[in-house]
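Before any comments, here is the structure.
The values are calculated or read from the model by the stated rules, or taken from the named source; none is laboratory data. Just so it is clear, the model here is predicted, and its values are computed rather than measured. Here the Cβ positions follow ideal geometry from the backbone for every residue, glycine too, while neighbour counts run over all protein chains shown.
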Amino acid sequence: MAQAQNKTWDDAAEGPRIPRIELDFTYSRVVWGAIASMDLFPGHHEKEYAERQGQETIYVNTMVYQGWIDRVVTDWAGPASFVIKRKMTMRRAVYAGSIMYGEGVVTRRYRDEQGRTVVDIDIDVGDADGSCCPAKVTALLDVAPRSL
Amino acid sequence: MSTGSSQDKEEGGANFAQAAIGTYEEGLKFVGVKSEVHVADFDITQFMAQFYAGSIADANPGYWDEDYAREQWGGLIASSGLLSTVSKTMPWRPDGATVRKSIVFLVPLPGDSTINSSSETEFFRPLKVGDRLSSYDEIAAISPEKTTRLGTGHFVNVVTTYHNQNGDVIAKNTNSVFRFKMADKD
């Protein structure tokens with residue numbers, strides 16, 4: 001498997017937008033993510049339940065947002081990057097049948113006390129109607145092999 | 001202060017709708033309560049890591065390429081998005097499932113429905129295939145009554161600390177969960 005290039009200090013200037021990722025969250029994919037994360041909460045597979053909650057239909061579950069947010073970072077920074085802090089806020093649901101996107105911008109680049117390259121990234125996750133789940137992430141870049 | 005109540009054994013499968021019902025004042029007595037340490041029912045497997053990565057079309061070679069993963073992380077890893085999943089119990093077992101209700105359901109509050117509103121997680125090392133996690137929950141805070149689009153209820157902050165089988169801290173997660181009454185639809 002080809003290895004993506006790993007971003008380092010010089011590649012991670014503050015400001016430029018991190019490339020957007022997108023995926024079609026069909027009903028099957030929403031249920032796939034819920035099952036893959038062992039989430040049997042009915043809001044992720046039972047339309048009538050979701051409607052009784054005031055939602056339009058079944059919706060993407062929390063653990064899928066978490067992996068999706070990390071994917072925004074690692075697709076951009078490469079597989080030797082590692083998210084060390086993730087704060088997310090679910091403003092509204094992404095419903096089955098939506099194209100979900102994720103994108104971000106580096107807001108701060110610095111070195112920690114161990115000299116490792118650290119970036120803070122504002123990430124937005126949403127659908128055709130806009131933002132659904134903004135997140136703030138802190139990630140290590142180009143982590144030394146077997147150091148974690 | 002701690003309680004073993006999150007370890008209650010019950011017959012049958014998980015039931016997501018059965019939250020303890022009570023007043024806000026009764027709920028506040030649970031702030032600071034910790035669950036016992038819970039050991040996951042299963043190890044993290046390559047299947048889990050890759051089936052989940054596939055659900056979000058994530059090609060990170062740490063999840064898929066054993067040679068790369070061994071070099072970089074010491075072995076295949078799983079997305080940190082699986083953190084809470086790999087700490088779950090099986091939803092059914094022949095000897096009766098151990099239902100590990102989230103501690104948020106054990107707090108007496110007026111609302112019987114829940115939805116996650118936000119979470120903040122610190123990660124200290126990646127999840128590795130072969131790891132078996134242990135974790136415990138603590139109720140950190142309960143908000144006064146608030147009304148949102150979904151209904152009226154309380155935000156409950158739960159902090160969960162995760163270890164691997166070697167005692168290394170993997171992560172600490174703070175979840176804010178809205179416990180609310182569903183609005184009637186007539």
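Quick look at the values:
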| quantity | calculated |
| --- | --- |
| Criterion: touching a residue at least 24 places away in the same chain (Cβ under 8 Å) and assigned to a loop (DSSP other than H, G, I, E, B) - qualifying residue of A:Gly15, A:Gly54 | A:Gly15 |
| Residue in segment A:92-109 that is more than 24 Å from A:Glu46 (Cβ to Cβ) and outside any strand (DSSP E or B) present | no |
| Residue list for segment A:18-30, restricted to those being assigned to a helix (DSSP H, G or I) and surrounded by fewer than 17 Cβ atoms within 10 Å (Cβ to Cβ) | A:Tyr27, A:Ser28 |
| Qualifying residue in segment B:100-118 (condition: part of a loop (DSSP other than H, G, I, E, B), polar (S, T, N, Q) and buried (at least 18 other Cβ atoms within 10 Å of the Cβ)) | yes |
| Test: residue in segment B:167-185 that is over 15 Å from the mean Cα position of the chain (by Cα), crowded, with 18+ Cβ neighbours inside 10 Å and outside any loop (DSSP other than H, G, I, E, B) | yes |
| Scan of segment B:94-139 for residues that are farther than 30 Å from B:Ala183 by Cα, charged (D, E, K, R) and touching a residue at least 40 places away in the same chain (Cβ under 8 Å), ordered by number | B:Glu122, B:Arg125, B:Lys128, B:Asp131, B:Arg132 |
| Selection from segment B:84-105 of residues that are within 10 Å of chain A (Cβ to nearest Cβ) and charged (D, E, K, R) | B:Lys88 |
| Restricting segment A:124-136 to residues that are surrounded by fewer than 21 Cβ atoms within 10 Å (Cβ to Cβ) and in contact (Cβ under 8 Å) with a residue 24 or more places away in the chain, the residue that is nearest to A:Ala96 (Cα to Cα) | A:Asp127 |
| Filter pass, B:Asp137 being modelled with pLDDT under 95 and farther than 30 Å from B:Phe47 by Cα | no |
| Residues of segment B:129-141 satisfying the condition of being crowded, with 20+ Cβ neighbours inside 10 Å and outside any loop (DSSP other than H, G, I, E, B) | B:Ser135, B:Asp137, B:Ile139 |
| Test: residue in segment A:109-117 that is in contact (Cβ under 8 Å) with a residue 40 or more places away in the chain, of a type in the set (Ser, Thr, Tyr), more than 14 Å from every other protein chain (Cβ to nearest Cβ) and in contact with a Ser or Thr (Cβ under 9 Å, 6 or more places away or on another chain) | yes |
| Hits in segment B:48-81 - residues which are assigned to a helix (DSSP H, G or I), closer than 20 Å to A:Ala77 by Cβ, without any contact (Cβ under 8 Å) to a residue 60 or more places away in the chain and among the aliphatic types (A, V, I, L, M) | B:Ala53, B:Ala69 |
| A:Ile121 touching a residue at least 40 places away in the same chain (Cβ under 8 Å), within 14 Å of chain B (Cβ to nearest Cβ) and either surrounded by 17 or more Cβ atoms within 10 Å (Cβ to Cβ) or part of a strand (DSSP E or B) (or both) | no |
